[in-house]
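For reference, the structure is listed below as structure tokens.
The values are calculated or read from the model by the stated rules, or taken from the named source; none is laboratory data. For clarity, every value in this text was computed on a predicted model and none was experimentally measured. SASA here: full protein model, heavy atoms, side chains in, ligands and nucleic acids out. Shrake-Rupley method; radii C 1.70, N 1.55, O 1.52, S 1.80 Å.
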Amino acid sequence: MGVAEDSEPPLKRVKGPVEESKGLPEDHSTTKSVSCSLGDQMARPLTSQGDGETIGSQGVIRKAEFIKIITRALYSLGYDKSGALLEEESGIPLHSSVVNLFMGQVANGKWDDSVATLRTIGLSDEIMKSASFLILEQKFLELLKMEKVAAALDTLRNEIVPLHVNLDRVHKLASCIISPSQCIRLGISGQDTEGTKSGSKILEKLQKLLPAAIMIPEKRLEHLVERALDVQREACVFHNTSDSDLSLYSDHQCGKNQIPSQTLQIVEAHKNEVWFVQFSHNGKYLGSSSKDHSAIIWEVKEDGQVLLKHTLCGHQKPVLIVSWSPDDSQILTCGQDEVIRRWDVSSGKCLHVFEKTGVGLISCGWFPDGRGIFAGMTDKSICLWDLDGRDLECWKGQRTLRISDMAITDDGKRIISVCRESAILLLDREAKFDRLIEEVDMITSFSLSKDNKFLLVNLMNQEIHLWSIEGDPKLISEYKGHKRTRFVIRSCFGGLDQSFIASGSEDSQVYIWHRCSGELLLALPGHSGAVNCVSWNPGNLHMLASASDDGTIRIWGLDRFNLKGGEQSNGSNHQCNGRS
């Protein structure tokens, strides 16, 4: 494997020195079937009306609130007859008669009557004044629209101003009298003062202002159900399914079979150790690089099969990494202390060779807009080039190391690189300001999260650290269990919302942790050599690739896929039922 001596700093691949949330409780209550006609049920009031104030196995749900929320949902769904029937049968009205009167007056634009009724509802002085302001403001605007300026001014002076609410808004309303165009600047359109439309909009605003016990919030039941699903999803350690798979019929709980844990395919085309793998952004391709001086573009078919598309030859040294363009139409390959080549994915043709006289290149990546690339140099500088190799920017000094992953944020403002053995540089291109992540041991590699908010850092001490890089860097989590004593091992984010961390390991296994809890979930055997790099398919939550010193790439999927064994026609990849 080409192990380096203890005194050597670890090279890019080149081998380095030795060295409880709870789910929602189930409702065990049962419902007795009733063998009577719908008409009989409609005629008879619920016998449970006086059975108590709470329902449910834990006695924490107030019956009246529960029924009101169901009633509100029925009306929201357009089932007005069913909503009215539930109010009648239960004897529990959705709103009091006073609130119903008030809502009707607002809906019909009876502003003075609604303000008078509002005072009888029993609200706090602060809420009553704020609600009155909303109603009287609408009255004022409608009077202005009807060119009743004197009446509008009277409403402003004698009804709105005495409320002593939102004085800044009052001044702006006053300016509408002098300059009607001010209403447009305030975001008030003519449609805001049209009959039932204005009433409906005021009701929407009042619903947010008034206590929920007075006016039941719109779609409250939907919100509670969504929150319940959120709690179940957050409590599910193995959650890796889309929201469309969630059901209200039973509590949600994913098993380990939702995480790729079974070898579905072994692809063999490289002639030596495979050092790097990376799926394209759309998940339709996989790029790999090897000690054999080549890189390969693999195509991911719709049925999940991974087939060789192009072998990229031309490098004179081992290929350290590959990097996909933002639109996945091109790919970069970086030779060890050598050159960077840019390739067309469709044809496999080399489009350009980036090099700098007397300096080797050790890492690379793309501008977010795909119009240029950046590279780390053996002289510890970082350079930015356009696609034809013209220099755009260059940062000299201690900006990178011989072991140096690099990344750039999606907004193009920050370049990230390893600048010292135990430090990562966050270089702000616009502010010309540097931040550092100071680690406890030598850094061997890192990976930037999809949302650009987190950095996953691999260390010599067999730990992986998760850092938040928003504002001042902060250590969030640590992941342990994998083996790393001699080689550069890479990890990645993956799964739904990048909720998992996967890593290679020198013990020939792939390790998977839960990102938030740090719990080690799986250790996947199969390879016969160190696993150098892993990549989770961003277009397929259930596909993971791993690259190994055994010269193979394994494609991992779900246990439920029982593909029949057999060899592919190109003789370079095999389907598997198990992990070996």
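What to note about this one:
- Note on Glu89 and Glu302: the extension gain reaches 71.3 nm, defined as 0.36 nm multiplied by sequence separation minus the Cα-Cα distance.
- In the distance distribution for segment 357-514, Cα-Cα pairs more than 27 Å apart total 23 percent.
- Solvent-accessible surface of segment 256-560, taken per residue with a 1.4 Å probe and all protein chains present: 36 Å².
- 28 Å Cα-Cα threshold exceeded, pairs from Lys81/Lys139; Lys81/Lys208; Lys256/Lys483: Lys81/Lys139
- Partners of Lys291 within straight-line reach, counting lysines whose Cα lies under 18 Å from its Cα and excluding those fewer than 8 residues away in the same chain: Lys12, Lys15, Lys271, Lys317.
- Straight-line cross-link partners of Lys396 among the aspartates and glutamates, defined as a Cα under 20 Å from its Cα and at least 8 positions apart when in the same chain: Asp337, Glu338, Glu355, Asp379, Asp386, Asp405, Glu421, Asp428, Glu430, Asp434.
- Note on His164 and Leu77: the extension gain reaches 27.4 nm, defined as 0.36 nm multiplied by sequence separation minus the Cα-Cα distance.
- Cα gyration tensor category, rounded, prolate or oblate, for segment 256-560 with a/c compared to 1.5: oblate
- Solvent-accessible surface (1.4 Å probe) assigned to Arg341 amounts to roughly 50 Å².
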